[in-house]
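Everything below concerns the one structure shown next.
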Amino acid sequence: MFRKIIVIAGLVLLFCFSLSLLSKNSEKSSSVAVADNPLPEAESKNLYTFNQDNIADLCADRHNVLCAVENIVKCTIKPTLPSCAALHLPRFVFMQGDNVDRPTEISYKITKYTMDANKKASVYTQSTCNASWFGICEGNIVYLLNETPEGWAIEDIYSIEED
């Protein structure tokens, strides 16, 4: 009789432990869901064009995702701007040399952006430029950003092919 009680109690404990693990896994998966943030209609129609002659300084609002994208575009064209050094940008933005095909003009239109629960954003653009720049300034370009205490920082840039 005592053995039966121990076996039943063990099975009940195992069942309760399994239920607690299942509830923890479902909480984690729901918090990682990515939300599409629609752009304001006026923003999705804007075409931004920057060239060496019209870049005076960077966008000052570091806590704005769209300013972070604007700043990396400006620093790509003109990495010698004093404010660029203070930003957390990928190192290739500052590369110099004869084999670096740096654009002198970039135009882009933001098509969408997404924000996830881990304070990371993805900004999708349709871009054109007058150089190859590692293949990441012409076509569908995605900017990956991470929110830091100092503001939004660009983690990576990549190009995607059209469907």
Pairs from Lys45/Lys74; Lys74/Lys109; Lys45/Lys112; Lys78/Lys112; Lys78/Lys109 whose Cα-Cα separation, in the structure shown, is over 23 Å | Lys78/Lys112
Principal axis dimensions, the stretch 45-163 - Cα atoms, whole angstrom, descending = 41, 37, 26
In whole Hz, what ³J(HN,Hα) sequence does the stretch 127-142 give by Karplus (6.51, -1.76, 1.60; θ = phi - 60°), x for Gly and Pro?
-> 10, 9, 8, 10, 7, 7, 6, 6, x, 10, 9, 10, x, 8, 10, 10
So how exposed is Val12, as accessible area in Å² (1.4 Å probe, rounded to 10)?
-> 80
Long-range amide H partners of Gly139 with built H, under 5 Å | Ser127, Thr128
What number, in percent, do you get for the relative contact order of the stretch 48-147 if the mean sequence gap of Cα pairs under 8 Å and at least 6 apart is divided by its residue count?
-> 24
Which value in nm describes the separation of the simple spin-label points at Tyr124 and Asp156, placed 7 Å from the Cα toward the beta carbon?
-> 1.7
Sequence ranges 133-142, 45-54, ranked by mean other-Cβ count within 10 angstrom, highest first | 133-142, 45-54
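Over the stretch 91-162, give the accessible area per residue in Å² for a 1.4 Å probe, as an integer.
Details: 3890 Å² over 72 residues.
I get 54 Å² per residue for the stretch 91-162.
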With θ set to phi - 60°, apply the Karplus curve 6.51 cos²θ - 1.76 cosθ + 1.60 along the stretch 112-122 and write out the HN-Hα couplings as whole Hz, x wherever there is a Gly or Pro.
-> 5, 8, 10, 10, 10, 5, 8, 6, 10, 10, 10
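The values are calculated or read from the model by the stated rules, or taken from the named source; none is laboratory data. All of these numbers come straight from a predicted model, not from anything done at the bench. Counting neighbours? That spans all protein chains shown, and the Cβs are built from the backbone with ideal geometry, glycine included. Calculation scope for accessible area: heavy atoms of the full protein, side chains included, ligands and nucleic acids excluded. Shrake-Rupley method; radii C 1.70, N 1.55, O 1.52, S 1.80 Å.
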